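Notes for the one structure printed next.
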Amino acid sequence: MNPQSVDPRKKKRTLILAALAFIFVLAVAAMLYSLTAWNAPASARRLSNPVPPTNSAIDNAKVDYEKRCKSCHGENGDGKGDRAGELSLAPANFTDGREMNRLADGELFWKITYGHRPMPAFQDKLDETQRWQLVDYIRTFAKQPAPAPPKR
């Protein structure tokens, strides 16, 4: 078949179908990415928070939290902010003492720094000290698990 004899309408239709297939694949990949587990690398776990949780640090972080985090994570850090229902994944519940004890400060810092859909990255929005202060502040929400009853 002579390449010049290809029907231009067929060629256009083929290009449109290829573009639609590409868009579909990208959409599926984005959806799968957003549903994957969000774990910080092991190196993040080893990071130590250089910012002590002083009243001043907590107060500074509260301002940033209210401006940037509260709408999703909630006023009380319970993951029930005004926008939480609109998100593809539920925001973290910082009041869950068991889960918060499981996460190292470095992991929380890494998550705040790099984000993961639907949470934005804050690397370019907050400086390093502000991100560490947020780690200190969100820890204030954690309710410690009730102690186990004594064995008899």
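All of the numbers you see were taken from the coordinates with simple rules; none came from a lab. Since we're looking at a predicted model, the values are computed, not measured. Counting neighbours? That spans all protein chains shown, and the Cβs are built from the backbone with ideal geometry, glycine included.
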- prompt: Angle, helix 8-35 long axis vs. longest principal axis of the chain, Cα atoms, 0 to 90°, nearest 10?
  reply: 10
Proxy reagent accessibility, fewest Cβ within 10 Å first, across D124, D82, D96: D124, D82, D96
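What GluC sites (Glu not before Pro) in the stretch 69-133 are in a loop by DSSP, with at most 14 other Cβ atoms within 10 Å of the Cβ?
Numbers: sites: E75, E86, E99, E107, E128; in loops: E75.
Here the sparse-neighbourhood loop sites are E75.
Determine the calculated [θ] at 222 nm for the chain from helices alone, applying -39500 (n - 2.57) to every DSSP H run no shorter than 4 residues and normalising by the residue count; nearest 500 deg cm²/dmol.
On the way: 7 runs with 78 residues, N = 152.
So the helix-based figure for the chain works out to -15500 deg cm²/dmol.
Using the Cα gyration tensor of the chain, with a ≥ b ≥ c the square roots of its eigenvalues, what is the shape: rounded (a/c below 1.5), prolate (a/b larger than b/c) or oblate (neither)? Please list the in-between numbers first.
On the way: a/c = 2.96, a/b = 2.47, b/c = 1.20.
Note, shape of the chain comes out prolate.
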query: Given springs between every Cα pair under 10 Å in a Gaussian network model of the chain, which of A18, A27, A84 has the largest fluctuation?
result: A18
- prompt: Karplus couplings for the stretch 63-78 from phi (6.51 cos²θ - 1.76 cosθ + 1.60, θ = phi - 60°), rounded to Hz, Gly and Pro as x?
  reply: 4, 5, 4, 5, 7, 10, 10, 4, 4, 9, 7, x, 4, 9, x, 8
task: Show the residues, 5+ positions off or on another chain, whose built amide H is closer than 5 Å to the amide H of D96.
output: K143
